[in-house]
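Notes to accompany the following structure.
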Amino acid sequence: MPDNRPQDGPPQTAVRRTAPPQAAPPQAAAPPGTPPQDAPPPAHLVSRLRAAGCVFAEDEARLLLAAASGPAELDRLTDRRVAGRPLEQVLGRAEFCGLQIAVEPGVFVPRRRSEFLVREAAAAARAAGEAAAAATARRLVVLDLCCGSGAVGAAVAAAVPAAELYAADVDPAAGRCARRNVEPAGGAVYEGDLYAALPAALRGRVDVLVANAPYVPTAEIPFLPPEARDHEPLTALDGGADGLGVQRRVIAEAPRWLSPGGVLLVETSARQEPGTRAAVAAAGLTAHTATCPDLVATVVTGRGGRSPHPPAARASAPGAA
Ligand SMILES: C[S@@+](CC[C@H](N)C(=O)[O-])C[C@H]1O[C@@H](n2cnc3c(N)ncnc32)[C@H](O)[C@@H]1O
């Protein structure tokens, strides 16, 4: 199976197991009858969650308790969770790279494995930022394409605060959600099909182009866990016959948007890595693969594309031959 789905074993809630929501209401504001944070959650709540298949029922119960403003809301949230909605969509947020990311119903829940994409992108951004600053004193430009909630772009911007952040997605629900995460970081969100959503002025200016596009092969969608299959949009999961349909389009057009020396980073699966690499090479970029066994994560990087500037512009550059 490809990796673009809830991880096997522990569910996606693993991130929050050790990090309860920071937005938990203070004890003094808790409604009557709400147990203190360090008390065990009510047994009936835990058993309801466990009966619904929540492996980490106690942790989830604590999170639901902390998120609910009172017993009626707790019931509503629990009903949604028991009906199979991803915990992050029920809580309205996910922890990602140490950030609290707003996640709305019908929007892809950022996966832990994508934290590796952020790490790789942040490292590339820091290197590119130094080069850009030395050469032109301009701000580094980061683009998160297929941004979903905007988690990846927001996390890269948090790691490289001087960056100018752009994000885009075809799904209006994702665009709305991404605005909540990207705009506070000073970024801008666009809606539309891949690069068609973007202002033309961004062409040739993107220093770090990061993309976690859908990469599940169509025939494997029915085998995804119900949390993903039933509660995340097909557009966020379905990557076409071999899973690489959207990715290939992202990669093929990337050289036109990258700055000279800009870097493309694409999340993929170990099994699909050869296809992703081939697409990067076909776009005229030099491919490099990085993996993180702990997160079961694979990222293919592409660098050094054909210059987006026409030959005349290059010839007039200082020092050009
Ligand atoms: C796997 S989700 C990843 C979301 C986000 N990057 C993350 O890691 O949490 C893929 C996203 O790609 C978007 N998408 C799919 N096809 C697209 C297209 N043609 N143009 C722009 N976005 C697209 C989906 O709407 C979805 O939000």
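Every number here is computed from the coordinates shown, using simple stated rules; none is lab data. What you are looking at is a predicted structure, and each value in this text was computed from that prediction instead of being measured. Methodologically, a virtual Cβ is constructed for each residue, glycine included, from the backbone with ideal geometry; neighbour enumeration extends over all protein chains shown.
Give me Phe56, Phe96 ranked fewest to most by other Cβ atoms within 10 Å of their Cβ, as a rough exposure proxy. Don't skip to the end; give the middle numbers.
Details: Phe56 18, Phe96 25.
Least crowded to most crowded, the residues run Phe56, Phe96.
Spin-label point model (7 Å from Cα, Cβ direction): what's the Ser69 to Arg256 distance in nm?
In this crude spin-label approximation the distance works out to 4.8 nm.
Could you work out the per residue convex hull volume over the alpha carbons of segment 114-309, in cubic angstrom?
On the way: hull volume 21.3 nm³, N = 196.
It is 108 Å³ per residue.
Length gain on complete extension for the stretch Arg139 to Glu183, per 0.36 nm per residue less the alpha carbon to alpha carbon distance? Write down the numbers at each step before the final one.
Numbers: separation 44, 0.36 × 44 = 15.84 nm, distance 1.70 nm.
The Arg139-Glu183 span can extend by a further 14.1 nm.
Based on the Cβ-Cβ distance from Val82 to His288, what FRET efficiency comes out when R0 is 45 Å, to the nearest 0.05? Show your work: numbers first, answer last.
Values: r = 44 Å, r/R0 = 0.99.
According to the calculation, E is roughly 0.50.
Find the eigenvalues of the gyration tensor of the Cα atoms of segment 104-224, then list the square roots of 5 times those eigenvalues as equivalent ellipsoid semi-axes, largest first, in whole angstrom. Don't jump to the answer; show the numbers that get you there.
Working: eigenvalues 127, 48, 35 Å².
Values for segment 104-224, descending: 25, 16, 13 Å.
Under the classification rounded if a/c is under 1.5, otherwise prolate if a/b is larger than b/c and oblate if not, where does segment 170-252 fall, given a ≥ b ≥ c as square roots of the Cα gyration tensor eigenvalues? Working shown, then result.
Working: a/c = 2.68, a/b = 1.48, b/c = 1.81.
The shape class here is oblate.
With each label point set 7 Å from Cα along the Cα-Cβ vector, what nm distance links Ala201 and Ser47?
Reported label-point gap for Ala201 and Ser47 is 6.2 nm.
For the pair Arg271 and Ala127, how long in nm is the line joining their label points, each one 7 Å along Cα→Cβ?
Rounded to a tenth, the inter-label distance reads 3.1 nm.
Among 281-290, 156-165, how do they line up by average Cβ neighbours within 10 Å per residue, starting with the highest? Write down the numbers at each step before the final one.
On the way: 281-290: 16.0, 156-165: 20.3.
Per-residue Cβ counts within 10 Å, averaged per peptide and sorted highest first, yield 156-165, 281-290.
For segment 145-190, would you read off the P(r) tail past 13 Å as a percentage of all alpha carbon pairs? All intermediate terms of the calculation are to be shown ahead of the outcome.
Numbers: 405 of 1035 pairs.
Roughly 39 percent, once rounded to a whole number.
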